[in-house]
1. Does segment 109-123 contain any residue that is among the charged types (D, E, K, R), farther than 25 Å from residue 69 by Cα and in contact (Cβ under 8 Å) with a residue 24 or more places away in the chain?
2. Checking the conditions here, which among 73, 6, 23 is surrounded by fewer than 21 Cβ atoms within 10 Å (Cβ to Cβ) and either of a type in the set (Gly, Ala, Ser) or over 24 Å from residue 111 (Cβ atoms) (or both)?
3. Scan 56, 68 and give me the residue that is in the same structural domain as residue 10 (by TED's automatic domain parsing), more than 21 Å from residue 173 (Cβ to Cβ) and within 16 Å of the chain's Cα centre (by Cα).
4. Filter segment 1-54 down to the residues that are among the polar types (S, T, N, Q) and touching a strand residue (DSSP E or B) at 6+ places or on another chain (Cβ under 7 Å) and list them by number.
5. Out of (1) assigned by TED's automatic domain parsing to the domain that holds residue 29; (2) surrounded by fewer than 17 Cβ atoms within 10 Å (Cβ to Cβ); (3) hydrophobic (A, V, I, L, M, F, W, C), what's the single condition that is false for residue 199?
6. So which helices (runs of 4 or more DSSP H) stay within segment 60-161 end to end and still have 3 or more residues that are of a type in the set (A, V, I, L, M)?
7. Of the residues 166, 114, which is in contact with a Lys or Arg (Cβ under 8 Å, 6 or more places away or on another chain), over 24 Å from residue 73 (Cβ atoms) and either surrounded by fewer than 21 Cβ atoms within 10 Å (Cβ to Cβ) or modelled with pLDDT of 95 or more (or both)?
8. Could you list, ordered by first residue, the pairs with Cβ atoms under 7 Å in which the first is in segment 25-48 and touching a residue at least 60 places away in the same chain (Cβ under 8 Å) and the second is basic (Lys, Arg) and surrounded by fewer than 17 Cβ atoms within 10 Å (Cβ to Cβ), at least 6 apart or interchain?
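The values are calculated or read from the model by the stated rules, or taken from the named source; none is laboratory data. These figures come from a predicted structure and were not determined experimentally. Here the Cβ is made from the backbone with ideal geometry for all residues, glycine too, and neighbour counts use every protein chain on show.
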Amino acid sequence: MYELYGMSRTRSTRVVWALEELGLEYRIHPVDLSKGAGQSAEFLKLNPAGKVPVLIDGELVLTESAAICTYLGDQHPLAGLVPRPGTTERGQYDQWSHFVLAELEQPLWTIGKHTLAFPEEKRVPEILAVVPWEFQRAAAVLDKRLAGREYLVGDGFTLVDLLAAHTLLWARAFKVPHGIASLDEYEQRICSRAAFARARRREKAEITTKQGDRG
């Protein structure tokens, strides 16, 4: 059974979603970052960065949401949610996974860092003015890739679609618009998958309740 350390409404959601897509058994260990749980000596042994998610599979301790999702897909290849290593499709999968993290997500994480994560004296409010422009540029590249196709790689859903759609959902929560109707349709279609609904229910029952519901 996989062990997942996470917090609701964070990148942990991606891993819960991936686990549900793959139909795997897992146990969730809540880590309330808002109360300093990520800086506890015990948790820092798992992830010195003090961040979630963290996946434990036997003796393997794995961090970073995209790496975890790809690892899970590779461990269960029959599900077809991650292309086989060495294929053209895997190269494209890796490319767009990196794009989502390095380009699409980064403006949003800038908001998170300069409004919540950083100590107040380290925050630079002025940098937030560039976020919509930077995000819209990346969103336009994503939309160009999706032109004439339903999914980012191949003919079916893969976990890179999960990463992209979750990031678009994050932008919506941060109220950072991209103004592209076709991306709205893509986000809604990917996020309407039954596994995502199950992931949200599981998080609400096992993470939010134990941490204390913050709305």
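1. Residues of segment 109-123 that are among the charged types (D, E, K, R), as a first pass: 113, 120-123.
Going one step further and asking which of them are farther than 25 Å from residue 69 by Cα, we end up with 120-123.
Next, only the ones that are in contact (Cβ under 8 Å) with a residue 24 or more places away in the chain stay: none.
No: zero hits.
2. After applying the criteria, what remains is 23.
3. After applying the criteria, what remains is 68.
4. Pass one, segment 1-54, residues among the polar types (S, T, N, Q): 8, 10, 12-13, 34, 39-40, 47.
Those that are among the polar types (S, T, N, Q) and touching a strand residue (DSSP E or B) at 6+ places or on another chain (Cβ under 7 Å): 12, 47.
5. The single condition residue 199 does not satisfy is (2).
6. Details: elements: 65-75, 88-99, 106-112, 131-146.
Counting at least 3 such residues, we get 65-75, 131-146.
7. On the way: 166 fails: over 24 Å from residue 73 (Cβ atoms).
114 is the lone residue from the list that is in contact with a Lys or Arg (Cβ under 8 Å, 6 or more places away or on another chain), over 24 Å from residue 73 (Cβ atoms) and either surrounded by fewer than 21 Cβ atoms within 10 Å (Cβ to Cβ) or modelled with pLDDT of 95 or more (or both).
8. If the second residue must be basic (Lys, Arg) and surrounded by fewer than 17 Cβ atoms within 10 Å (Cβ to Cβ), the pairs left are 30/210.
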